[in-house]
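For reference, the structure discussed in these notes is given below.
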Amino acid sequence: MACQSQADHYVAVQSVDELQEALAYARGHRLAVHILGGGSNLVFADKVAGLVIHLHLLGKEVLGSQEADHCLVKVAAGEDWHRFVRWTLQQGLRGLENLSLIPGTVGAAPIQNIGAYGVEVESCIHRVEAFHQADGTQHSFAKSDCVFGYRDSIFKRQGNPWIITAVIFQFFQHTPLTPEYAELNKRWLSLGAPDDPLVISELVCQIRQEKLPDPKDVPNSGSFFKNPLVSNADYRRLKQLYPKLVAYPAGQQWKLAAGWLIQETGWKGNMHNGVGMYEKQALVLVNPGKKSGSEVLKYAQLVKASVKEKFGVLLEQEPVVIR
Ligand SMILES: Cc1cc2nc3c(=O)[nH]c(=O)nc-3n(C[C@H](O)[C@H](O)[C@H](O)COP(=O)(O)OP(=O)(O)OC[C@H]3O[C@@H](n4cnc5c(N)ncnc54)[C@H](O)[C@@H]3O)c2cc1C
């Protein structure tokens, strides 16, 4: 998210060799390393100590024939996510259409297993290639090694030492479309339910543009909080107290709509000193005043505290804080 911040050191790298050089420089000067992709899921502290490495690794390669019933595509970490999604669809590769228009880079997509409209990126991931920050070893993670979960993976854990350099995606020819999300489904049916992933992508873009502020116009990092998971007992207790509670079953648990909790505590459309929760979508924290990271976090803390006080539910922040 755009906010006022200053790093001690910054470098943009365009190859794995340059990445190695930057890491060696950081080791030599005992600098902490921070990896920057598109910056869409980050809050920078007012001052960032150490070296910010901006990944500009580019390129994509089709591994194997597109005629077979499946195809593998290797993509460098710095490629723009949405442009990549559109490219896959133009090649006739199905599976990522619901994830259209998510800001950021390909390399960051596995980190929090990006998801939208009922699909998570893990469904198309075959392997993840990464580079160990400390000892320089390279490793290719099989999908099962990535331990993907809801907005989570092994790469999101505290102290993750791996820098993702490339992602290998797997696409199957007969992957069915998944337009289950109600608004998407309605628009798709109104067009005659075409079996065309490009149509789904267009509809997803339409819906997102109507609901979410463009980070280029209004600084924001999308959903600022994860939808909290609660036990069945907690869900029943809350549903009795608040019959309009919005929640979805998630295995043995329930996923509460964090946006509804925030709206019901009165924060939707509330602006304080240039920071606020977006008027059209209570889950999105906006920073039109381009305030500092500490002011953004202070505001988020107020929202968290009032949701905890009213519902007894702890919201967990989605963007990463870089200090
Ligand atoms: C308007 C808006 C809408 C959004 N909608 C969604 C949505 O629908 N679903 C969803 O899941 N997310 C959504 N997001 C969040 C965001 O788009 C994703 O998390 C995206 O993957 C972040 O990519 P990035 O390149 O900008 O990562 P950054 O913000 O640059 O980095 C995020 C984290 O990943 C680390 N990182 C980045 N690249 C690498 C790498 N190659 N190797 C190791 N670490 C790395 C960074 O150090 C940081 O910790 C949205 C954000 C915005 C602003």
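So here's what we get for this one:
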quantity: Condition check for Gly50: more than 9 Å from the ligand (Cβ to nearest atom) and assigned to a loop (DSSP other than H, G, I, E, B); calculated: no
quantity: Selection from segment 130-184 of residues that are of a type in the set (Gly, Ala, Ser), away from the ligand (no atom under 14 Å from the Cβ) and under 20 Å from the mean Cα position of the chain (by Cα); calculated: Ser144
quantity: Cβ-Cβ under 8 Å pairs, at least 6 apart or on other chains, segment 126-146 side farther than 27 Å from Ala24 by Cβ, far side among the basic types (Lys, Arg); calculated: His126/Lys143; Ala142/Arg127; Lys143/Arg127
quantity: Criterion: in contact with a helix residue (DSSP H, G or I) (Cβ under 9 Å, 6 or more places away or on another chain) and either surrounded by fewer than 19 Cβ atoms within 10 Å (Cβ to Cβ) or in contact (Cβ under 8 Å) with a residue 12 or more places away in the chain (or both) - qualifying residue of Val85, Val62; calculated: Val85
quantity: Out of Ile168, Ile200, Ile164, sole residue that is buried (at least 16 other Cβ atoms within 10 Å of the Cβ), part of a helix (DSSP H, G or I) and not assigned by TED's automatic domain parsing to the domain that holds Lys304; calculated: Ile200
quantity: Strands (runs of 3 or more DSSP E) (entirely within segment 211-265) containing at least 2 residues that are surrounded by fewer than 18 Cβ atoms within 10 Å (Cβ to Cβ); calculated: 247-250
quantity: Selection from segment 95-140 of residues that are of a type in the set (A, V, I, L, M), assigned to a loop (DSSP other than H, G, I, E, B) and under 15 Å from Phe171 (Cα atoms); calculated: Leu96
quantity: Residue among Ser153, Ser190 that is small (Gly, Ala, Ser), closer than 30 Å to Gln206 by Cβ and either assigned by TED's automatic domain parsing to the domain that holds Asn227 or in contact with a Cys (Cβ under 8 Å, 6 or more places away or on another chain) (or both); calculated: Ser153
quantity: Residue in segment 269-291 that is within 23 Å of Pro215 (Cβ to Cβ), in contact with a strand residue (DSSP E or B) (Cβ under 6 Å, 6 or more places away or on another chain), without any contact (Cβ under 8 Å) to a residue 40 or more places away in the chain and away from the ligand (no atom under 16 Å from the Cβ) present; calculated: yes
quantity: Verdict on Ala166 being hydrophobic (A, V, I, L, M, F, W, C), modelled with pLDDT under 95 and at negative phi; calculated: no
quantity: Where a residue in segment 12-23 is at pLDDT 95 or above and its partner, wherever it lies, is in a helix (DSSP H, G or I) and surrounded by 14 or more Cβ atoms within 10 Å (Cβ to Cβ), with Cβ under 6 Å and at least six apart; calculated: Val13/Leu19; Val13/Ala22
quantity: Condition check for Val303: β-branched (Val, Ile, Thr) and either in a loop (DSSP other than H, G, I, E, B) or buried (at least 17 other Cβ atoms within 10 Å of the Cβ) (or both); calculated: yes
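The values are calculated or read from the model by the stated rules, or taken from the named source; none is laboratory data. Please read all numbers here as calculations on a predicted model, not as lab measurements. Heads up, the Cβs are rebuilt from the backbone with ideal geometry, glycines too, and the neighbour counts pull from every protein chain shown.
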